[in-house]
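Below you'll find the structure, written out as structure tokens, and then a few comments.
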Amino acid sequence: RRQTRQSARSTRASPSPDLDELVLVYPFFGTGAVNVTRGDLKRLDPGQYLNDTIIEFGLKVWLEELRKDQPELAEQVHVFNSFFYKKLVTKKNVADTYASVRKWTSKVDIFSKKYIIVPINEK
């Protein structure tokens, strides 16, 4: 009987986790932090598609590792997040497009960079 009660307890459904619960903020200090939630982590399960948050998190971690291992190369790289591309393609004319993304490039001279990474996450 005791085993039956224990197994019955272990088969009860546990409350589902809150997918909006904040799990990680990266980088831990400074600007441009990415907030990763439980729902974002579920995107790492087999058969799931990555979302913008997971892509941005991965690129930030990659760039930080590059800064540690090859700082000269890291200085030649600028990484936009996937929202940059979405902003870039939503406008119909060039003037509106420039206006929607000009602040994204105001603090960095992208023409001095050797590599520009623009992640595209669609459909």
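The table that follows gives values for the structure above.
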item: Count of region 64-101 residues which are open to solvent by less than 60 Å² (accessible area, probe 1.4 Å), at pLDDT below 95, touching a helix residue (DSSP H, G or I) at 6+ places or on another chain (Cβ under 7 Å) and in a helix (DSSP H, G or I); result: 5
item: Where a residue in region 44-56 is farther than 12 Å from Lys123 by Cα and its partner, wherever it lies, is acidic (Asp, Glu), with Cβ under 6 Å and at least six apart; result: Thr53/Asp40; Ile54/Asp40
item: Hey, Glu56 open to solvent by 50 Å² or more (accessible area, probe 1.4 Å), out of contact with any His (no Cβ under 7 Å at 6 or more places or on another chain), under 18 Å from Val34 (Cα atoms) and of a type in the set (Asp, Glu) or not; result: no
item: Filtered residues of region 80-123 (kept if touching a residue at least 40 places away in the same chain (Cβ under 8 Å) and under 20 Å from Thr31 (Cα atoms)); result: Ile117, Pro119
item: Selected residue [at pLDDT 85 or above, surrounded by 14 or more Cβ atoms within 10 Å (Cβ to Cβ) and within 22 Å of Pro119 (Cα to Cα)] from Tyr49, Tyr26; result: Tyr26
item: Subset of region 102-123 [part of a loop (DSSP other than H, G, I, E, B) and closer than 20 Å to Thr53 by Cα]; result: Val118, Pro119, Ile120, Asn121, Glu122, Lys123
item: Residue in region 33-46 that is loosely packed, with under 15 Cβ neighbours inside 10 Å, of a type in the set (D, E, K, R) and more than 15 Å from the chain's Cα centre (by Cα) present; result: yes
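The values are calculated or read from the model by the stated rules, or taken from the named source; none is laboratory data. Here the structure is a predicted model, which means the values were calculated and not measured. Glycine also receives a Cβ, built like all others from the backbone with ideal geometry; neighbour counts cover every protein chain displayed. Each accessible area value is taken on the protein alone, full model and side chains, heavy atoms only, with ligands, DNA and RNA left out. Shrake-Rupley method; radii C 1.70, N 1.55, O 1.52, S 1.80 Å.
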